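The values are calculated or read from the model by the stated rules, or taken from the named source; none is laboratory data. If you're wondering where the values come from, they're calculated on a predicted model, not measured in any experiment. Because the Cβ atoms are built from the backbone with ideal geometry, glycine has one as well, and the counts that use them run over all protein chains shown.
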């Protein structure tokens, strides 16, 4: 089954959740909501690298109905430079998703560079909040907090390394619950508190912080200690690295799952402290990459 056959079966207006229909205005394509009189543009985007070009039409189904780029880079995957934990994780997740019945509607919620789709040989609908360089083209632009998906229509969601950065994780998880079919599944993954040991061991951590120092010299020189505490974070909205570590608890996320209505049916830990940086791949392979202190946690949730 081609993506387009079931993509437009599940898309609705993100605001009122009513049907959308194709229209043309001034030689441009739109998805039109009759109830709210909103035109959602369908933009033509070029993904390219030195070997090929791919042109795709991407519906923009969010409040900001425009995109910053119409030409982006089609990335090439270098598996030798992929950290051990990520390789193991994507292989494990792809096996789980591959067991779903043929024709299942599977959505990668906040796909980023769309790397997961490179690891699985089946159709997945992928979306994010923006157009960016990616390994494969995405299917539409949307806000995960206001999904343009009809109720009870999706068989499975995957969400990789995103929930821990959400300001409102309950809303993020709640939207997936609303749109999943009964008995539908969600595979949610994020880094564990234990991953901070690996974070501080990673050469990339210090390289990325050095780039921030170069970019923000005045802020760094005026108060180096405050700059270190505030800008050494992994990307969450906490004020300092210390607050970030303190608030990163698996029990918090599990409470969000259950309060939303999900049943937790599985939890797996993947990777050791050497497995977050590809430079340490030979060393990581000499230690166990499974156990309660893994750097990545993969939850299986059921509606």
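Annotations
- Near pairs, Cβ below 8 angstrom, 6+ apart or cross-chain, from segment 244-273 (over 30 Å from residue 229 (Cα atoms)) to any residue that is at pLDDT below 85: 268/290
- For residue 49, the criteria (1) more than 22 Å from the chain's Cα centre (by Cα); (2) loosely packed, with under 11 Cβ neighbours inside 10 Å; (3) more than 29 Å from residue 180 (Cβ to Cβ) hold in every case but one, which is (2).
This table checks each residue for (1) under 30 Å from residue 255 (Cα atoms); (2) touching a helix residue (DSSP H, G or I) at 6+ places or on another chain (Cβ under 7 Å).
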| position | (1), (2) |
| --- | --- |
| 164 | yes, no |
| 183 | yes, no |
| 190 | yes, yes |
| 196 | yes, yes |
| 202 | no, no |
| 226 | no, no |
| 229 | yes, yes |
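- So residue 159, is it crowded, with 20+ Cβ neighbours inside 10 Å, touching a helix residue (DSSP H, G or I) at 6+ places or on another chain (Cβ under 8 Å) and closer than 25 Å to residue 281 by Cα: yes
- Test: residue in segment 97-108 that is closer than 30 Å to residue 244 by Cα and either touching a strand residue (DSSP E or B) at 6+ places or on another chain (Cβ under 6 Å) or modelled with pLDDT of 95 or more (or both): yes
- Qualifying residue in segment 109-119 (condition: closer than 22 Å to residue 182 by Cβ, assigned by TED's automatic domain parsing to the domain that holds residue 47 and touching a residue at least 12 places away in the same chain (Cβ under 8 Å)): yes
- Search result, residues across segment 166-178 that are in contact (Cβ under 8 Å) with a residue 60 or more places away in the chain and over 23 Å from residue 96 (Cβ atoms): 167, 170
- Taken as a whole, the condition of being assigned to a loop (DSSP other than H, G, I, E, B), in contact with a strand residue (DSSP E or B) (Cβ under 6 Å, 6 or more places away or on another chain) and either free of Cβ contacts under 8 Å to residues at least 40 places away in the same chain or surrounded by fewer than 22 Cβ atoms within 10 Å (Cβ to Cβ) (or both) applies to residue 144.
Residue-by-condition table, conditions (1) crowded, with 17+ Cβ neighbours inside 10 Å; (2) in contact (Cβ under 8 Å) with a residue 12 or more places away in the chain; (3) under 19 Å from residue 150 (Cβ atoms):
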| residue | (1), (2), (3) |
| --- | --- |
| 34 | no, yes, yes |
| 45 | yes, yes, no |
| 54 | no, yes, no |
| 59 | yes, yes, yes |
| 62 | yes, yes, yes |
| 71 | no, yes, no |
| 75 | yes, yes, no |
| 81 | no, yes, no |
